[in-house]
Structures are given as C-alpha cells and as structure tokens.
1. Considering only the range 23-44, state which residues are without any contact (Cβ under 8 Å) to a residue 40 or more places away in the chain and crowded, with 16+ Cβ neighbours inside 10 Å.
2. Out of curiosity, is THR55 among the polar types (S, T, N, Q) and outside any loop (DSSP other than H, G, I, E, B)?
3. Tell me which of these VAL47 doesn't satisfy, since it passes every other one: (1) of a type outside the set (Phe, Trp, Tyr); (2) over 28 Å from GLU228 (Cβ atoms); (3) buried (at least 20 other Cβ atoms within 10 Å of the Cβ); (4) touching a Leu at 6+ places or on another chain (Cβ under 8 Å).
4. Does ARG107 qualify as being free of Cβ contacts under 8 Å to residues at least 60 places away in the same chain and not in a helix (DSSP H, G or I)?
5. Within the range 219-259, count every residue that is surrounded by fewer than 19 Cβ atoms within 10 Å (Cβ to Cβ), of a type in the set (D, E, K, R) and part of a helix (DSSP H, G or I).
6. Go through the range 59-93 and count every residue that is part of a helix (DSSP H, G or I) and β-branched (Val, Ile, Thr).
7. Determine which member of the set GLU210, GLU199 is surrounded by fewer than 21 Cβ atoms within 10 Å (Cβ to Cβ), outside the structural domain of ARG293 (by TED's automatic domain parsing) and either on the phi > 0 side of the Ramachandran plot or acidic (Asp, Glu) (or both).
Amino acid sequence: MATHRFRPTRYHNTLGTAEPVLHVADGDTIIAATVDASGLDANEVAVASRPNPMTGPFFIEGAEPGDTLAVRIDRLTPSRATGWTYSPLALTVLDPAAIPDRPPPQRAVWTIDNNAGTVRLREPERGLEDFAPDIQPMIGCFGVAPAGGQAFSTATSDRNGGNMDYRLFAPGTTAWFPVAVPGALFYLGDGHACQGDGEITGTGIETSFEMEVTFQVLKRTIAWPRGETAEDIFTIGNARPLDQALQHATTEMSRWLGEDYGLDARAASHLMGQVVRYDVGNVFNPAFTVACRIAKRWLRKR
C-alpha cells in the first residue's frame, strides 16, 4: 500500500473515459492538488476553465465493471487563505413571485483562517460583521467514469457521482461508487471550505485544496453512490425532479439493508419508516441530489 503525491498539469470538465494520469493499486492513497470551481489554483492563478475542473482520472488496478470503488476521505486541507461565493439565492429555491425582487448576482471573497478554524466575509454585509462559521471542508464534485463511453459534465451528477455537493462527503467519510469501466477512472475536485445544505447560492466557499483519499476495490455491485461515516450509512440519488432523486436514494437504501443487514422488503420498510433521515444535496445544478441516511445504532450486520 503506497502513498502517491500528484500535482496536475491538466484538468477535466467532464467525468468520462479520459487517459489516466496515474495508475495506483487497490489500497493505495493519493494526495492530490485540486483547483477551485472556476479553475484558480493555490496561488489564485487561473490554470483551468469552469465548471468544476477535476484532477484525474486515476486508474485503480483491479477495479472492473460491476465492482464498487470505495474512496475513504482522509484529509481535505485548503491550500490558500481565500475563497469565494456568489449571492443571492438560486432561482431553484425561491417562490416564482419572489424572483423579481432578487438582487443581481455578486461575487464575494471570504478569508479562510486555518488558525482560528473559521471563515469570514472580507467585506461583510450589514448584520454579518461577526459572522464566522467553522471551516467544514467537503468535496463538491467527485466520482468515476460512467458506462457506455459517456462523459458527464462536472456541472451535474448521475449514478457515477459527480457534482453532488453533499456536506457529508467530508473527512472521515467513505464514499462508494459503481464501477462501469476498467480501472474505475476516478476524478475529484470542487472543494468547499464551508457550505450549507443544498448549495442554495450555487456555490460553497470555493477554494483550492490538497485532498488525501484512499482506495479499496469491493467485489460487489451497487446501482447508486453510497457512503458511510462513523455514525451513519447513506445512499445517494441524483436526478431531477427532486422526488426522483429521493426515489433512487430510497430504493438503494432498501437494497443495502437486504444485502448487508438481512432485512427483507417488509422489515426494511418498518425500519426506514421510523428512523430514516433525508438530506438535500445539490439543488442548483441540472440534477438534484438527495441522501437517504440511517444511523448505524439501528443496524446489525449479519
């Protein structure tokens, strides 16, 4: 099990079957530099074009179509002291009647204070002079190549992952992706220093990162991304409208409860009906994201 440090010289705005930048073994770790959603690097130099330029793809030896790639998020470290967001709220989260009163788009710069562990607006609006939420790093966009020679824009998401903007894709989480091509072809980028649920302004606090992840190839088949934290398991549905994303996530969770926890459809429905939690991922981009989440304390593996 080796650790590989990787500094990209080119980036991708799609997740597809591009030439791999590095071959790594099952069990290996990569420490990779990523740029922000607009292509700014650690020195705030534009080195790639938007949207969400990706580092990769990485070829994981032994990963074959029908397998699952588990990606443990070990560390996400902002590589500069500034990030940016846009305001106001996205059209997709407002009542139609409120849209005429919506102010024009505006870019804001944030200070990322690693010593204090907080982020602050450089020029705060009135009432936000003391607003300093904690740094809560997460990956906005990552995943593997889709099936059939397709290439999906990093602006959206599907079965292979992509631009999900789900806050639990953070250090300590292991994400699972369905493998559709040899080597899986894994991409990552679009790091956020902080973000509320839904990415409802179209951005988190966008900045460059050094990301450390570890791979494991699982000889099992899944249909949609899954994830595990110390406290929960969750499944992801990516689609539009929002109810279809919820359906994908719910169906995938029911499958998982059967595969690993021995619950048939009726037992799974009793459990899920009382303790399931739904989280909203991205509701800004072409496909919306819903996570179906269950606390591990309710589960017993067979």
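1. Across the range 23-44, the qualifying residue is only GLY39.
2. In short, yes.
3. (3)
4. So ARG107 fits the description; yes.
5. Matching residues across the range 219-259 total 3.
6. Adding up the residues that qualify gives 2.
7. GLU210
The values are calculated or read from the model by the stated rules, or taken from the named source; none is laboratory data. Just so you know, these numbers come straight off a predicted model, no measurement behind them. Please note: Cβ atoms are built from the backbone with ideal geometry, for glycine as well, and neighbour counts cover all protein chains shown.
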